[in-house]
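A short worksheet on the structure shown next.
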Amino acid sequence: MKTIFTLIYFVGISIQVLAQDFEPNYEEDKIPEYQLPDLLRMENGHLITNKRQWSNRRRAELVEIFENEIYGKSPVWDGQISSKVILENKDYLNGEATRKVVKLTLKRGEKSLDFNLLVFYPNSGKQVPAFLGLNFYGNHTISSDEQVAVPDAWIRNNEKIGSFNNKASEKGRGQRIANWPYEEILTRGYGLVTMYYGEIDPDYEDGFKDGVHALYSERKREPNSWASIAGWAWGLSRVMDFLEGEDWIDNKKVAVLGHSRLGKAALWAGATDERFAMVISNNSGCGGAALSRRAYGETVGRMIEVIPYWFSDSFKVYYKRENDLPVDQHQLLALMAPRPLYVASGAEDKWADPKGEFLSCVAASPVYKLFGKVGMPATVLPPLDQPVMGTIGYHIRSGGHGLLPYDWQQYLDFADMHF
Ligand code: GCU
């Protein structure tokens, strides 16, 4: 009996400790003291003073650190991609636009994987700039048209969006159109390409056996092998491979965009693939745009505890040790330079640390300066709903976590300004 009580006592204590451990901090004055790793100093101590040194030396060094310590290193693509148009409507929106579903097949040896793209572009006859972003619940959620198929890949359960037993259903149809306002995007002269992220890599701990990892199953996993965020980013690059050959798109003007975990993936895609001419992070938070060292809202420790498979195994070393990370996320943002970068926060989305996202933009700006550009023009957090746009753009809008029409309006304005 005594042992049972002792056991109950210790289980109780550990549950309490765990709960306390992940009680997020939302108070500015409880942020630990920290010093950000130096953006412009090489690991050997040399100071970077011009854009050539940045591009030839420091940039590559930082990419390697992020690969080895945080996201993992993705393989070089050595397979073939074929495409098949599944649906095509050239007379969409009263003839103003074309809408297609294109199936890409990635083939590597005996293995293959399909990506289904939902594509919209204006029928202007000119090559147009475009946004590319992954969606959370399937292409059918961005179309009221039953011809756009419901994905059969694994999906997160969400009653509202009609996914049960990890399967999507018709119930989700059209429910995310407001988050992907394609009519406005098209009217403003841009194309839009999206696909369901679970077709790249399903979002659960699968031992890296499914999705894109399966294409490379012969490889032994190393501490710095790619995990899910790197997988989603890598998938974005494969979509870009395909888009480069499309005649409707101006492939020098493709903005990669993502919300939340997919914002983390969009940033990693922008960092590893410079073909993305603009990068947009919407509420990406910890492991995305926000500074890890602030430990405000979501923390590195909490991510390692709850969603370790998003990151390389080597990242686990930093469990509750964000101060020991050799890099912080302002250095990830700096990898976009000199390309335009937009970071957006939601005021009530404290979990993603809006201020930490903003400060990260400020701290990334010295690299833009090396290129003769103004990165983030503000040094204090701008008021609500008042975007600031240099070569880095930022806004903190009213409301919480989400990719909203307001966010899109700013992205369209920012793209008008830079493209
Ligand atoms: C969770 C996770 C975040 C992530 C978010 C999302 O809240 O902790 O890191 O950004 O999901 O993707 O919606």
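The values are calculated or read from the model by the stated rules, or taken from the named source; none is laboratory data. These figures come from a predicted structure and were not determined experimentally. Every residue, glycine among them, receives a Cβ derived from its backbone with ideal geometry; neighbour counts consider all protein chains shown. Protein only, heavy atoms only, side chains kept; ligands, DNA and RNA dropped before computing areas. Shrake-Rupley method; radii C 1.70, N 1.55, O 1.52, S 1.80 Å.
Table for the structure above
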{"read-out": "Members of the stretch 376-411 found to be assigned to a loop (DSSP other than H, G, I, E, B), closer than 14 Å to Ala255 by Cβ and not polar (S, T, N, Q), listed by number", "value": "Leu403"}
{"read-out": "The stretch 62-84, residues that are open to solvent by less than 90 Å² (accessible area, probe 1.4 Å), closer than 25 Å to Thr299 by Cα and not polar (S, T, N, Q)", "value": "Leu62, Val63, Ile65, Phe66, Glu67, Glu69, Ile70, Tyr71, Gly72"}
{"read-out": "Any hit, the stretch 281-304, residues being away from the ligand (no atom under 16 Å from the Cβ), surrounded by fewer than 19 Cβ atoms within 10 Å (Cβ to Cβ), farther than 30 Å from Gln127 by Cα and at pLDDT 95 or above", "value": "no"}
{"read-out": "Selection from the stretch 320-339 of residues that are open to solvent by 10 Å² or more (accessible area, probe 1.4 Å) and within 15 Å of the ligand (Cβ to nearest atom)", "value": "Glu322"}
{"read-out": "When residues of the stretch 260-277 are limited to those that are within 15 Å of the ligand (Cβ to nearest atom) and surrounded by fewer than 24 Cβ atoms within 10 Å (Cβ to Cβ), the one nearest to Ile70 (Cα to Cα)", "value": "Arg261"}
{"read-out": "Positions within the stretch 340-373 being in a loop (DSSP other than H, G, I, E, B) and either surrounded by 18 or more Cβ atoms within 10 Å (Cβ to Cβ) or touching a strand residue (DSSP E or B) at 6+ places or on another chain (Cβ under 8 Å) (or both), in sequence order", "value": "Pro340, Ala347, Asp349, Asp353"}
{"read-out": "From the options Asp206, Asp201, residue that is assigned to a loop (DSSP other than H, G, I, E, B), buried (at least 23 other Cβ atoms within 10 Å of the Cβ) and out of contact with any strand residue (DSSP E or B) (no Cβ under 7 Å at 6 or more places or on another chain)", "value": "Asp201"}
{"read-out": "Tally, over the stretch 181-208, of residues that are among the small types (Gly, Ala, Ser) and closer than 14 Å to Leu132 by Cα", "value": "1"}
{"read-out": "The stretch 128-174, subset polar (S, T, N, Q) and farther than 29 Å from Trp268 by Cα, residue most open to solvent (accessible area, probe 1.4 Å)", "value": "Asn165"}
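Matching residues to (1) modelled with pLDDT of 95 or more; (2) in contact with a strand residue (DSSP E or B) (Cβ under 7 Å, 6 or more places away or on another chain):
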{"residue": "Lys2", "(1), (2)": "no, no"}
{"residue": "Thr6", "(1), (2)": "no, no"}
{"residue": "Ile13", "(1), (2)": "no, no"}
{"residue": "Asp38", "(1), (2)": "yes, no"}
{"residue": "Arg57", "(1), (2)": "yes, no"}
{"residue": "Glu67", "(1), (2)": "yes, yes"}
